[in-house]
Amino acid sequence: MEMEKKREINHPFHEHPLVFVEDQSNEGQKSYCSACGDVISDPCFSCAPCNYHLHNNCALAPQTISSHPLHPQHSGFSLRERPRLDNRSGCSYIVHVNCALEDYRFYEVVERESRCEELYGSSSKSTQPSITRVVEVSEDGEATKIEHFSHEGHCMVLADKMEEETDRRCDGCMLPVSTLFYYCSESECHFYLHKNCAELPRVKRHWIDRDTATLNSRSFMWCFLCNRPCSGFFYEMGELWVCLRCAEVPDVIEFQGHEHLLFYDFKCRERCNGCGAYPSEEGAFKCGKCSFTLDFKCLSLPHSVVHKIDEHQLNLTYHDDNDYSKHLRCDICEGKRDRSLWYYCCSICDTSAHPDCILGEFPFLKDGIILPPYSRHGHRHDVRFHRKAEDYPNCSSCGQRCRREIVKCAESTCNYIAHFKCWWPGLSRFRVIQRISHFVPTASRAGKLSTRTSK
């Protein structure tokens, strides 16, 4: 009896019961799904007298889902007659059922519409500020002195320029301090935050994942989207950690280096037009009208930088029209540059270089940051990250000279020094584990998904 129930369903868009058909008996004749319009080739639900057929997935599509990441403005998507999921708020956003339900991470089935508001409606948490107290304000009401959750014990003061010419970075996004920023009021404390970074909400919804995004000032983590080890602030979304640079990227972008809009596609595996690499499970942004693709790593690059190779500012450039062979050389590594890929250049001096040569392999790790011990080498103390190695010491792990990116023991009595890569050779393995834990459904997750979609 239980088996018969599963083999016959009543669907709200057809007046007769639909019977489960395992094999198509009409060989040579094509039947089409009345929902998505595709040819029926797998087992389906059918009403033979009406010639009405539905793919198994179309027939069992949930009537309502709470949200979709590519349209985060609204919540509550309902199934309509020509099966698609569209928002009932009067918005014209439409998405195919198969596209909407393609990845279980991106939706949650709800049994009543009021549940959508409970899950994704306005909440006091979504406006919880990062600034814990405003100490002083200007005449126009702007906060000029504040206390911030990430820097307890010290006040922070608003400024619009540095008193001295130094390369200071925001401790939130790790980009150079340029526009309005807050600095620590203690003279010996070099802590800075862009005004925008200081004002970010502690808790919010993010289009990349259904979990609530919580701002965390943890000093070292691997960003899931740009695939880099980073310092600074992260938004934590369940098992994902996303740096501020990536977290601020919307799902649809206007990019000055391309004429069309770019849309996020988590399935995209096409070569990035910025760096030439192929994106992994995190996907990339694609143009809907041509083959142009950009990954998060390139989208999070700073637009301008300062480097000792040139006295002027170097700007990120998207294409090189000069095909002179000597011009297509990196002025740092002296290797050849691909004219179709991005590079930094000085328009005055004609200096040009690869982004990795300008920024280094770990551009968003703060110089001097303290990292917890990594027991693989038997060294039990905290270590301090340094971008440069003085006097080129020998690595305690591989024995080779250290020239760039090292870790040095934070204890003054310990002389442990190692290449950053040698100190943590498991960086790539850690990245793989993080991917797997998010993209491969556990038994419990898969079970929940199966239960939800079969109701």
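Only the coordinates and a few stated rules stand behind these numbers; no lab work does. Note that the coordinates shown come from a computational prediction; the quantities given were computed from them, not determined experimentally. Quick reminder, even Gly has a Cβ in these numbers, built from the backbone with ideal geometry, and neighbours come from all protein chains shown.
Overview of values
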| read-out | value |
| --- | --- |
| Computed label-point distance, nm, for sites Arg271 and Cys414 using a 7 Å Cα→Cβ extension | 4.6 nm |
| Burial ordering of Trp423, Trp241, fewest other beta-carbon atoms within 10 Å first | Trp241, Trp423 |
| Relative exposure of Ser280, Ser46, Ser300, judged by other C-beta atoms within 10 Å (fewest first) | Ser280, Ser46, Ser300 |
| Rg(Cα)/(2.2 N^0.38 Å) for region 175-222, N = residue count | 1.43 |
| Greater than 23 Å apart at Cα, pairs in Lys308/Lys336; Lys267/Lys297; Lys195/Lys421 | Lys195/Lys421 |
| Viscosity 0.692 mPa s, temperature 37 °C, Stokes-Einstein D of region 303-362 from Kirkwood C-alpha radius, µm²/s | 289 µm²/s |
| Debye intensity ratio I(q)/I(0), log10, region 160-258, q values 0.12, 0.21, 0.24 Å⁻¹ (C-alpha model) | -0.43, -1.10, -1.28 |
| Taking all pairs of distinct alpha-carbon atoms in region 370-424, Kirkwood radius in angstrom | 10.8 Å |
| Integer Hz, Karplus 6.51/-1.76/1.60 couplings in order for region 42-48, x for Gly and Pro | 9, x, 8, 9, 9, 10, 4 |
| Computed over region 252-299, Cα set: Rg, Dmax in Å | 9.3, 26 |
